[in-house]
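Just so it is clear, none of the values below were taken in a lab; they were calculated from the coordinates. Fair warning: this is a prediction, and the values are worked out from it, not measured in the lab. Cβ atoms come from the backbone with ideal geometry, glycine included; neighbour counts cover every protein chain shown.
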Amino acid sequence: MQRFLNDPDDIVDETVRGFVRAHADRVRLCDGNARVVVARDAPVSGKVGIVTGGGSGHEPAFVGYTGAGMVDATAIGELFSSPTAKSFHDAIKAADGGAGVVVLYGNYAGDNMNVKMASRMAAKDGVEVLTVVANDDVSSAPPEEREKRRGVAGEIFMWKIGGAKAAEGADAAAVRDAAQGAIDACRSVGVGLAPCTLPAVGHPNFSIEAGTMEMGIGHHGEPGTSVTKLGTADEIASEMTRIVLDDHDLPSGTEVAVLVSGLGATPRGELYVLYDRMARDIEDRGLKIHKAYVGDYFTSLEMVGATLTVMALDDERKRLLAASTDCPAFGAA
Amino acid sequence: MQRFLNDPDDIVDETVRGFVRAHADRVRLCDGNARVVVARDAPVSGKVGIVTGGGSGHEPAFVGYTGAGMVDATAIGELFSSPTAKSFHDAIKAADGGAGVVVLYGNYAGDNMNVKMASRMAAKDGVEVLTVVANDDVSSAPPEEREKRRGVAGEIFMWKIGGAKAAEGADAAAVRDAAQGAIDACRSVGVGLAPCTLPAVGHPNFSIEAGTMEMGIGHHGEPGTSVTKLGTADEIASEMTRIVLDDHDLPSGTEVAVLVSGLGATPRGELYVLYDRMARDIEDRGLKIHKAYVGDYFTSLEMVGATLTVMALDDERKRLLAASTDCPAFGAA
Amino acid sequence: MASFPNAGSGGIVRDIAAVIVENRAYLSEIDGKIGDGDHGVNMAKGFGRAAERIAPDASLSDALSTLSDVLMSEIGGSMGPLYGMFFAEMSETVAQDTHIDGARFAAMLRAGLEGIEAVGAAKVGDKTMIDALVPAVEAAEANRSDITAQLREVASAAEAGRDSTTDMVAKLGRAARLGERSRGVPDAGATSCALILRNLCDGAARRLEQG
Amino acid sequence: MASFPNAGSGGIVRDIAAVIVENRAYLSEIDGKIGDGDHGVNMAKGFGRAAERIAPDASLSDALSTLSDVLMSEIGGSMGPLYGMFFAEMSETVAQDTHIDGARFAAMLRAGLEGIEAVGAAKVGDKTMIDALVPAVEAAEANRSDITAQLREVASAAEAGRDSTTDMVAKLGRAARLGERSRGVPDAGATSCALILRNLCDGAARRLEQG
Ligand SMILES: Nc1ncnc2c1ncn2[C@@H]1O[C@H](COP(=O)(O)OP(=O)(O)O)[C@@H](O)[C@H]1O
Ligand SMILES: Nc1ncnc2c1ncn2[C@@H]1O[C@H](COP(=O)(O)OP(=O)(O)O)[C@@H](O)[C@H]1O
Ligand SMILES: [Mg+2]
Ligand SMILES: [Mg+2]
Ligand SMILES: [Mg+2]
Ligand SMILES: [Mg+2]
């Protein structure tokens, strides 16, 4: 493994420590829990707290979205593994400014269980906890089983919209509704061209034959919907756009935000090559791109691949998307 | 090659097209030259124009640093190949607001020649052109031959400082001096763990045996100063810090800005693991880290590796570093 | 009636932990075939850490409680809450017992299963640890009166349950999306669960006293 | 004295371009050993595009000018300015000539070399295209009076110059950092330069007229 590695068991602690050290102007470590990162100014008294959390290995997600105007406290799990209930609970406590806390997380078995247990613990402390679970990955279940779908890069939009709504001073229910509305308005798809390796495991956690690709792949290498011959960038981009928009079914004229994220080892230039085709396909379907994000926003270690997320906008979401943010992965550098 | 690719000959054009499409709120294509990207508001009348340029494959560099408060116009070359003199010339014209243009670029044979030719062409148009050539890569030549050293990620600081100085209304000579001061205050080193492949070539452009690493590697895979056994993350981080600071020789108490960039396929979490060690080593040498940047700021396609850049600060550089910027790779998202 | 003492039986949990740590690579390997390949890593980390914190003379209930705490507060993932709740409920059930006989052993396992069911939503046939655990609990309840037979039957019911997962199509968790492609590999969680129950039963059997 | 016509000799440049395009992979391969592996790609793109724009009946000077324009405005890298200036100066030198004899041929090559020297800073022995070009120019000047011999000598001097680079340690460009490791491979630019000069001479030789 050609990687920057000390003891594989220490990766997450070292990553979090380095992260907090690098961005001490915006975040700090939670007192008593080295797996919870808290926005510098959190808790803001009277503001609804925003919490997220998830496994490591997706950097800059989840931790990079901690900061003013976005997430107040982030619980951090092992590589590709949900944070503990205790960490979610500590994050909730750290984010609580007395106006309740909304936990915005992704639909994975571990996260569901740990957030549920943490919410119960927080309820005992007297903290009101509402939750929104992201399920934007269209390939992970058919539309009629949307509750089974995984959460992927659409979570970034959910955090941005929910975080901005909370920053505006909305109450917990309104923040929850805004975040729920954002993720309901999101659809995503991923494609994998080469796998990644968990250092503690030491070999790729799945395989993709050279010359093929896996459409619908998950953020941890969860199998996709089909393995086919590797297409051209244009073919792949068009297929991803088709999958997302067929599921989305937006009326012509709808304004959208588009996010194309690399999975870790895809050259950034290639993301723009994909975007160039996607944008034209999106516009050909009568939609209007209001804002685009292209980069490594939500990765899977060194997987080769990309995800496309399309969020339908309305006036509120446009306002909240434009609101100022200052977290390490999104906003002022 | 598991890559997102159409015709390898079209990559650069497609990347630039996708880039301009995605960030049309901040940049536009130059009239008549699809290899020059111009900041939305450029030229700003009375402001010194900032131009840069370089080969493609380093995204988000160079193009991503085009935007308000940073670079006015960027000339774009083929993968790992200098832009044409014509493109540099067109970028100079696009950036010229009547107060002269400063070209801030990296020390590579092609760029030197093309900038020189472009400056001559611009002089014929009556545009005053000053240049600063970045040579922050300590491994590329001994200190006494600093003029032979390559420019690497320190260029980002040079653009930021030069761009902010120009935005403050300084004249061309003062902008040149600020940018020159910034790059003189920078030292960088890179390490490579696995090579990258130019799509048109089809095989890795150099090789690193598994279990080894190449210290001092260049941004195009230029050979480093030594090939050794792959160290732990901590060992590599300490060695990189040592190389940079031994060359830099800063008085104790100096405030510095630190930039750690991945080379393309390094998981982001690992960059923080490196930073965690580097930051402690930097502080152990009596320096004070004023601001840190960790991410994929200047890549080399899908090379596995990282670079470390340390810039010494003074009050002016601190002010210019903090000045607001809005370019796709740096600043508001 | 035969039973084994609660006091001093914490060693059973340390032995279980040792077996999980030994099977780290294997558990990750089978998880890797249809999941994300981290089951052994997750389990070994939690069980290994817990073993270090269990006092040499700990009771079974204290040892189970320590294990549960580590899983819940340090491991996360799915295993933190699932095994965390499993061992927490087992520990609470026998906390006041000086000796554990067949009836208490069955009650302990039933409580553990209910602990899992309180957080997870798996049913028999979904290709999860539940497929090893449910038949084991049923075997425990069918053999309440003869703990020697019970311990033997529980361990083999768990292993048979584990084996039954090989031919199942996963309906839950990361493997579910594979559909038919998930057939042919035993479930990782069922495999760790069978290892845990086998070593729990063997450890208890070695400590049996005629009462 | 023998000479070849300027008018109608643009085909020589098209032939040169075809040879460069044929050697795309080879030129990249040797650049890849000590440089960044793109020399063939860069060259083939520029020469290939130029060939498409050279009219069938173009003069040598016009064809050289077209080639220079494409290199300078579309290719960039080091080759854009270096070969761009080379061909620009060659083109300007013979633009007014109806026929090119040995003296004019030598003058054309000398001007090309000076064009390169105006932008680059390589000297003989640095392991660059200069090592092929300088002996070729000297051979041209030493054989001004006999163009037939001159064309033969120029081509073989260029090839000998190219071969001399194999044993050199690079002192300029990307390969310079390699030090001793850069020995043993011919320089990519010297190799393309020898190909260009060989085909220029052969093309001119086929067009020679007794004047
Ligand atoms: N809802 C559930 N109830 C019971 N067991 C489950 C459930 N979801 C998953 N599992 C078990 O978890 C195992 C995987 O554990 P592990 O690999 O450690 O976690 P993860 O799936 O988060 O990577 C599966 O093999 C399965 O037995
Ligand atoms: N200053 C220079 N003068 C003359 N030739 C040079 C100079 N620098 C580099 N070269 C030539 O350029 C060749 C490499 O060209 P190419 O690979 O196309 O460009 P790059 O080095 O930008 O990748 C080298 O083999 C060498 O012959
Ligand atoms: Mg996992
Ligand atoms: Mg090159
Ligand atoms: Mg797993
Ligand atoms: Mg080259």
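With label points set 7 Å from Cα along Cα→Cβ, the inter-copy distances at C:Pro5 are 11.6 nm, sorted shortest first. Summing charges over neighbours of C:Val134, with a neighbour being any other residue whose Cβ is under 12 Å away from its Cβ, gives -3 when K and R count +1 and D and E count -1. GNM remark for chain A: springs join alpha carbons under 10 Å apart, and the peak mean-square fluctuation among A:Pro60, A:Pro142, A:Pro195 falls on A:Pro142. Each of C:His99, A:His219 has some number of other Cβ atoms within 10 Å of its Cβ, and from fewest to most they run C:His99, A:His219.
Kirkwood hydrodynamic radius of the protein assembly as shown, from the reciprocal of the average inverse Cα-Cα distance over all distinct pairs: 31.3 Å.
Centre-to-centre, using Cα atoms only, region B:55-110 and region B:270-293 are separated by 30 Å. Extents of region D:36-126, taken as max minus min of Cα coordinates on every principal axis and listed largest first, are 41, 33, 17 Å. The residue in chain B that lies nearest, by its beta carbon, to the axis linking chain B with chain A is given here with the distance in whole angstrom as B:Ala265, 2. Each 5 Å bin, from zero up to the one with the longest distance, holds this percent of the alpha carbon pairs of chain D: 1, 8, 16, 22, 21, 16, 9, 4, 2, 0, 0. With a cut-off of 17 Å on the backbone N, the residues of region A:272-287 near the modelled label site 7 Å out from A:Thr232 along Cα-Cβ are A:272-281.
Mean partner shielding of peptide B:228-240, defined as the number of other chain Cβ atoms within 10 Å of each residue Cβ, is 3.
Only DSSP H runs of four or more residues enter the estimate; each adds -39500 (n - 2.57), and after division by the residues of chain A the mean residue ellipticity at 222 nm equals -10500 deg cm²/dmol. Set the Cα radius of gyration of region A:8-182 against 2.2 N^0.38 Å, with N its number of residues, and you get 0.94. For chain A, the tally of Lys pairs with Cα-Cα distances below 19 Å comes to 15, considering only residues 8 or more apart or on different chains. Largest GNM mean-square fluctuation across B:Glu147, B:Glu239, B:Glu128, computed for chain B with C-alpha springs under 10 Å, falls on B:Glu147.
Fewest to most neighbouring Cβ within 10 Å: what's the order for C:Tyr26, D:Tyr83? Result, fewest neighbours first: C:Tyr26, D:Tyr83. Charged neighbours of D:Arg183, selected by a Cβ distance under 10 Å, balance to 0 (K, R count +1; D, E count -1). In the frame of its principal axes, chain A has Cα extents of 53, 50, 38 Å, reported largest first.
Using only C-alpha atoms and all pairs of different ones, pull out the Kirkwood radius for region A:186-312 in Å with one decimal.
Value: 14.6 Å, from the Cα pair sum.
Each copy carries C:Gly179; placing its label point 7 Å along the C-beta direction from Cα gives inter-copy distances of 6.0 nm, listed from smallest up. Spin-label model, C:Thr98/C:Ala160: points 7 Å from Cα along the beta carbon direction are separated by 3.7 nm.
Counting only alpha carbon atoms, the long axis of helix D:39-53 and the longest principal axis of chain D meet at about 20°.
Counting only DSSP beta bridges with both residues in the protein assembly as shown, what percent are antiparallel, rounded to the nearest 5? Of the beta bridges lying entirely in the protein assembly as shown, close to 60 percent run antiparallel. Computed over neighbours whose Cβ is under 10 Å from that of B:Phe298, the net charge equals -3, Lys and Arg +1, Asp and Glu -1. Relative to the other identical copies, B:Arg146 shows label-point distances of 6.1 nm, where the label point lies 7 Å from Cα along the Cβ direction and values run shortest first. Couplings 3J(HN,Hα) of region B:206-216, computed from phi: 6, 9, 10, 4, 4, x, 10, 8, 10, 7, x Hz, in residue order, whole Hz [Karplus 6.51 cos²θ - 1.76 cosθ + 1.60, θ = phi - 60°; x for Gly and Pro]. Taking each residue as 0.36 nm, the span from A:Arg146 to A:Asp314 lengthens on full extension beyond its C-alpha to C-alpha distance by 58.3 nm.
For B:Ile92, C:Ile34, A:Ile289, the sequence from fewest to most other C-beta atoms within 10 Å is A:Ile289, C:Ile34, B:Ile92. Note on region A:96-242: Rg/Rh from Cα positions, Kirkwood definition for Rh, rounded to two decimals, is 1.06. Taking the centroid of alpha carbons for each part, region A:3-54 and region D:66-118 are 61 Å apart. On the beta carbon distance between B:Ala173 and D:Ala149, with R0 = 45 Å, the FRET formula returns roughly 0.20.
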